[in-house]
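The values are calculated or read from the model by the stated rules, or taken from the named source; none is laboratory data. Note that the structure is a prediction, hence the values are computed from the model and not measured. Don't worry about glycine lacking a Cβ; one is built from the backbone with ideal geometry, like all the others, and counts go over all protein chains shown.
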Amino acid sequence: MSNKENSEFDFLSGPTSRFAEFINVIRIAGEFINGFRKLHFVGPCITVFGSARTKEDNKYYQAAVRFGEEIAKMGFATMTGGGPGIMEAANRGAKNEGGKSIGCNIELPMEQFPNPYLDLDIDFKQFYVRKVLLLKYSYAFVVLPGGFGTLDELFETITLIQTKKTKRFPIVLFGKEYWSKMMEFVDVMKEEGTISDKDKELFMITDSVEEGMEYIKRFIKEHFKPKKNNPSWIIGES
């Protein structure tokens, strides 16, 4: 995708004409509406975040497969960013157990193709629209090793919970060694007073898929009663 074809590139590059800004708002609203319609009836989800670059022989890929399998056994849909790597692995695990497998894919200049394990694939142009949809329908979040995008998704989720813009949902970070340096910086923030003592309690870190899933199951059982929305014939959805 070239910059000429990249409307969001122009949108974020500074002011344009009022008409162009209005058209951009319509496009963004259209992405939200499309996402809402397609995801409203999929049932309760658990979102898995992680790197698109992780290969099949990597231990974190294998862990993501197991998370997808365990999520399916719970009766929840597995939602990911829809791409390769960790996302593919989690969707693959869901399919292994006959669970629902959802992907919210992002269109990138270098192209990110949907992985082959999706029951439902939704394409987005805007990162921020995609992130809202990855958060809106999930009762828990599993975060495996990843890069800038994974950190963005992780910290936005934590921030929304911290600032009480959304309910408290369980967040599991998998891979103690990988996240250890980040936790050192979290301790620095705590020492400097830029976060509170309780903010470290907003997530748990583990090297065990079983421990992570047990934490999620216990939290959901104690705090939520997931339900599936019924289709509405009024707006032609099923």
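Residues are listed down the side, and each one gets a yes or a no for (1) among the polar types (S, T, N, Q); (2) at pLDDT 95 or above; (3) within 30 Å of ILE26 (Cβ to Cβ):
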{"position": "THR47", "(1), (2), (3)": "yes, yes, yes"}
{"position": "TYR60", "(1), (2), (3)": "no, yes, no"}
{"position": "GLU69", "(1), (2), (3)": "no, yes, no"}
{"position": "ALA72", "(1), (2), (3)": "no, yes, no"}
{"position": "THR78", "(1), (2), (3)": "yes, yes, no"}
{"position": "ALA89", "(1), (2), (3)": "no, yes, no"}
{"position": "ASN96", "(1), (2), (3)": "yes, yes, no"}
{"position": "ILE106", "(1), (2), (3)": "no, no, yes"}
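So that you can scan it fast, the table gives a plain yes or no per residue for (1) out of contact with any Ser or Thr (no Cβ under 9 Å at 6 or more places or on another chain); (2) small (Gly, Ala, Ser); (3) crowded, with 16+ Cβ neighbours inside 10 Å; (4) free of Cβ contacts under 8 Å to residues at least 40 places away in the same chain:
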{"position": "ASP10", "(1), (2), (3), (4)": "no, no, no, yes"}
{"position": "THR16", "(1), (2), (3), (4)": "yes, no, no, yes"}
{"position": "GLU21", "(1), (2), (3), (4)": "yes, no, no, yes"}
{"position": "GLY30", "(1), (2), (3), (4)": "yes, yes, no, yes"}
{"position": "LYS38", "(1), (2), (3), (4)": "yes, no, yes, no"}
{"position": "THR54", "(1), (2), (3), (4)": "yes, no, yes, no"}
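Selection of the stretch 139-151 for residues being farther than 17 Å from VAL186 by Cα, surrounded by fewer than 22 Cβ atoms within 10 Å (Cβ to Cβ) and in contact with a strand residue (DSSP E or B) (Cβ under 7 Å, 6 or more places away or on another chain) yields only TYR139. Considering only residues in the stretch 212-223 that are over 20 Å from the mean Cα position of the chain (by Cα) and farther than 13 Å from ARG168 by Cβ, the one that is surrounded by the most Cβ atoms within 10 Å (Cβ to Cβ) turns out to be ARG218.
Checking each residue in the stretch 32-52 for being in contact with a helix residue (DSSP H, G or I) (Cβ under 9 Å, 6 or more places away or on another chain), assigned to a loop (DSSP other than H, G, I, E, B) and either within 11 Å of PRO145 (Cα to Cα) or aromatic (Phe, Trp, Tyr) (or both) picks out GLY50, SER51, ALA52. Counting the residues of the stretch 108-163 that are farther than 26 Å from ASN96 by Cα, in contact (Cβ under 8 Å) with a residue 24 or more places away in the chain and in a loop (DSSP other than H, G, I, E, B) gives 6.
Yes or no: the stretch 10-26 includes at least one residue that is in a loop (DSSP other than H, G, I, E, B), under 27 Å from LYS217 (Cα atoms) and either β-branched (Val, Ile, Thr) or in contact with a helix residue (DSSP H, G or I) (Cβ under 6 Å, 6 or more places away or on another chain) (or both).
As a first pass, look at the stretch 10-26 and keep what is in a loop (DSSP other than H, G, I, E, B): 12-17.
Filter once more, keeping what is under 27 Å from LYS217 (Cα atoms): none.
Among the residues of the stretch 10-26, not one is in a loop (DSSP other than H, G, I, E, B), under 27 Å from LYS217 (Cα atoms) and either β-branched (Val, Ile, Thr) or in contact with a helix residue (DSSP H, G or I) (Cβ under 6 Å, 6 or more places away or on another chain) (or both), which makes the answer no.
Residues considered: SER208, SER232. Of these, the only one that is at pLDDT 95 or above and of a type in the set (Ser, Thr, Tyr) is SER208. Within the stretch 181-192, is there a residue that is under 27 Å from PHE67 (Cα atoms), in contact (Cβ under 8 Å) with a residue 40 or more places away in the chain and not acidic (Asp, Glu)? No, the stretch 181-192 contains no residue that is under 27 Å from PHE67 (Cα atoms), in contact (Cβ under 8 Å) with a residue 40 or more places away in the chain and not acidic (Asp, Glu).
Residue by residue, here is whether (1) among the aliphatic types (A, V, I, L, M); (2) out of contact with any strand residue (DSSP E or B) (no Cβ under 9 Å at 6 or more places or on another chain); (3) surrounded by fewer than 19 Cβ atoms within 10 Å (Cβ to Cβ) holds:
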position	(1), (2), (3)
ALA94	yes, no, no
GLU107	no, no, yes
ILE122	yes, no, no
GLU153	no, no, no
LEU160	yes, yes, yes
PHE185	no, yes, yes
GLU191	no, yes, yes
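Across the stretch 162-183, the number of residues qualifying as in contact with a strand residue (DSSP E or B) (Cβ under 9 Å, 6 or more places away or on another chain) and buried (at least 16 other Cβ atoms within 10 Å of the Cβ) comes to 8.
Taking the residues in the stretch 75-91 that are within 11 Å of the chain's Cα centre (by Cα) and assigned to a loop (DSSP other than H, G, I, E, B) as candidates, determine which candidate is farthest from VAL48 (Cα to Cα).
Of the residues in the stretch 75-91, the ones within 11 Å of the chain's Cα centre (by Cα) are 78-82, 87.
Those left that are additionally assigned to a loop (DSSP other than H, G, I, E, B): 81-82.
Details: GLY81: 8, GLY82: 10 Å.
The residue in question is GLY82.
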